[in-house]
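See structure below.
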Amino acid sequence: MSNARKKELLREYKETPQRAGVFAVVCGEKRWVGTTRNLDKQQNSLWFQLRMNGFPNADVQKAWNANGADAFTYA
């Protein structure tokens, strides 16, 4: 990939508007709600923290460890 193409992709990335808002992590009947500056990337961040066993909310981490990733949804 040429340097010009890399610069173009970087410029497009920086200019892409971010969608801020409210999200929910759902496992069965339990729901945890939070806010974010970037809804499009928040799920990846949350799932990474949960897989690494480093999520700040102990209740969410316990549910993840007990039920696994397939039991969770991001809304």
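The values are calculated or read from the model by the stated rules, or taken from the named source; none is laboratory data. None of the values given here were measured: they were computed from a predicted structure. Note that we place each Cβ from the backbone using ideal geometry, even for glycine, and neighbour counts take in every protein chain shown.
Tabulated values for the structure
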| quantity | calculated |
| --- | --- |
| Residue within the stretch 12-24 that is touching a residue at least 40 places away in the same chain (Cβ under 8 Å) and surrounded by 10 or more Cβ atoms within 10 Å (Cβ to Cβ) present | yes |
| Matching residues in the stretch 23-58 - criterion: being in a strand (DSSP E or B) and within 12 Å of the chain's Cα centre (by Cα) | PHE23, ALA24, VAL25, GLY34, THR35, THR36 |
| Residue within the stretch 2-13 that is at pLDDT below 95 and among the polar types (S, T, N, Q) present | yes |
